[in-house]
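Beneath this line is the structure, given in structure tokens, with notes to follow.
The values are calculated or read from the model by the stated rules, or taken from the named source; none is laboratory data. Note that the structure is a prediction, hence the values are computed from the model and not measured. Neighbour counts run over all protein chains shown; Cβ positions are idealised from the backbone, glycine included. To get the accessible areas, we keep the full protein, side chains included, count just its heavy atoms, and leave off ligands, DNA and RNA. Shrake-Rupley method; radii C 1.70, N 1.55, O 1.52, S 1.80 Å.
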Amino acid sequence: FGDKKYEHILTSTPVPKVALVTLNRPKALNALCTPLIKELNEALQAADADPTIGAIVLTGSEKSFAAGADIKEMKDKTVTSVLNENFIEEWGNMANIKKPIIAAVNGFALGGGCELAMMADIIYAGAKAKFGQPEIKLGVIPGAGGTQRLTRAIGLYRANHYILTGEMFTAQQAADWGLAAKVYEPAQLVDESVKAAAQIASYGQLAVQAAKASVHQSAEVGLRAGLEFERVRFHGLFGTHDQKEGMAAFAEKREPNFKNE
Ligand code: CAA
């Protein structure tokens, strides 16, 4: 992870074990054109495959996290072309990344930008962030998970209001409703997100990934099946070095030395 030069994104490792991916298409407020999504998928998959990386931060600029799918690219598409290319299907690849992803959202997170943030595991918002699903104003509906993930995050009736009116909501509202876990000063947001990612990356990665997978399972299945999934993952961790080490370190009052095995 990290060596490659991209056209629409920047990649770096600001501290050990943390991959930072920055959307970088400022002229279009980080509108998510197809080449950008391809680059983003490539970078996220590289971070997922890199054993030195434990967590990922995805951010944009202070003005805009992402202003949605690229409307200029979409405007001439037809039902035949979107069906043939299965338009937007590849956006979902981000939801298959095993390592935790923190979306650090400053500025606009609209349409596909809001949906992209919701494909991350944690959202931290800069105090001036603006979220929304304005697709209705363009004669379409959210197409990358907005009707499903926003509804699960903020509740049915609130989601209906924002998806049907296209109104934006603030960082503080996002936090009050459980979408954003924390709100930071815009200039502090990325640093704070990297700090949280470093903390996550300091733990045993098998446990971290089991926790992520188990929490996500809660959106897929009923309670009994979800509890069973959790229990199987929990039991499986007792076969790892990191469980022995984590618990021994607690008992011996020292820091654990996790090996991700
Ligand atoms: N696609 C393509 N270009 C976009 C864009 C988008 N989603 N959002 C902004 N831009 C471009 C503008 O066209 C403009 O380019 P030019 O300078 O070449 O004209 C540039 O970015 C700056 O934008 P504005 O001048 O509009 O900036 P502003 O500060 O006045 O307004 C904004 C900012 C409120 C975010 C406004 O740009 C806007 O409403 N953007 C569109 C938001 C939107 O509707 N997103 C949903 C897209 S549909 C979707 O995402 C489908 C899905 O579910 C996957």
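Any idea how many Lys pairs in the stretch 1-96 come in under 21 angstrom at the alpha carbon, given 8 or more places apart or on separate chains? Lysine pairs meeting both conditions in the stretch 1-96 amount to 13.
Just checking the listed ones, Asn86, Asn30, Asn106: in the Gaussian network model of the chain with Cα springs under 10 Å, the one fluctuating most is Asn86.
When nucleic acids and ligands are ignored and a 1.4 Å probe is applied, His8 ends up with an accessible area of around 20 Å².
Within the straight-line cut-off of under 17 Å between alpha carbons, the aspartates and glutamates reachable from Lys182 are Glu62, Asp121, Asp191, Glu192, sequence neighbours fewer than 8 places apart in one chain being disregarded. Over the stretch 44-181, the Kirkwood radius and the radius of gyration, each from Cα atoms, give a ratio Rg/Rh of 0.97. Once C-alpha pairs closer than 8 Å and six or more residues apart are averaged by separation and normalised to the residue number of the stretch 158-254, the relative contact order reads 14 percent.
Percent of accessible area on the stretch 87-136 owned by carbon and sulfur, 1.4 Å probe?
Carbon with sulfur: 53 percent of the solvent-accessible area.
Using the heavy atoms of the protein chains alone and a 1.4 angstrom probe, what is the accessible area of the chain per residue in square angstrom? Mind showing how you got there, number by number?
Numbers: 13800 Å² over 261 residues.
I get 53 Å² per residue for the chain.
Taking the square roots of five times each eigenvalue of the Cα gyration tensor of the stretch 1-53, the equivalent ellipsoid has semi-axes of 21, 11, 8 Å, listed largest first.
Comparing Ala19, Ala181, Ala159 in a Gaussian network model of the chain where C-alpha atoms under 10 Å apart are linked, the largest mean-square fluctuation is found at Ala181.
Of all DSSP-defined beta bridges confined to the stretch 88-202, some 25% are antiparallel rather than parallel.
Across the chain, Cα pairs under 8 Å and at least six residues apart give a relative contact order of 16 percent. Summarising the overall dimensions of the stretch 121-259 from its C-alpha atoms, the Rg and Dmax are 19.2, 62 angstrom.
Please report the accessible area of Met119 (heavy atoms, 1.4 Å probe, ligands and nucleic acids excluded) in Å², nearest 10. Surface open to solvent at Met119 totals about 10 Å².
Express the carbon and sulfur contribution to the solvent-accessible surface of the stretch 151-261 as a percent, rounded to the nearest whole number, probe 1.4 angstrom.
Details: 4020 of 7090 Å².
Looking at the stretch 151-261 in its full context, I get 57 percent from C and S.
For Lys253, the aspartates and glutamates whose Cα comes closer than 15 Å to its Cα, not counting residues fewer than 8 places off in the same chain, are Glu245. Given a 1.4 Å probe and the protein chains as shown, Phe169 ends up with an accessible area of around 0 Å². Between Thr151, Thr59, Thr22, the residue with the greatest mean-square fluctuation in the GNM of the chain (Cα pairs under 10 Å linked by springs) is Thr151. Computed from the Cβ-Cβ distance with R0 of 30 Å, the FRET efficiency linking Lys63 to Arg158 stands at 0.70. Divide by every residue of the chain the summed helix terms, -39500 (n - 2.57) for each DSSP H run of at least 4, and state the resulting mean residue ellipticity at 222 nm, rounded to the nearest 500 deg cm²/dmol. Using -39500 (n - 2.57) per qualifying helix, the result is -12000 deg cm²/dmol.
Starting from the residue with the highest accessible area, list Met74, Met168 in decreasing order, probe 1.4 Å.
Values: Met74 55, Met168 90 Å².
Descending accessible area places them as Met168, Met74.
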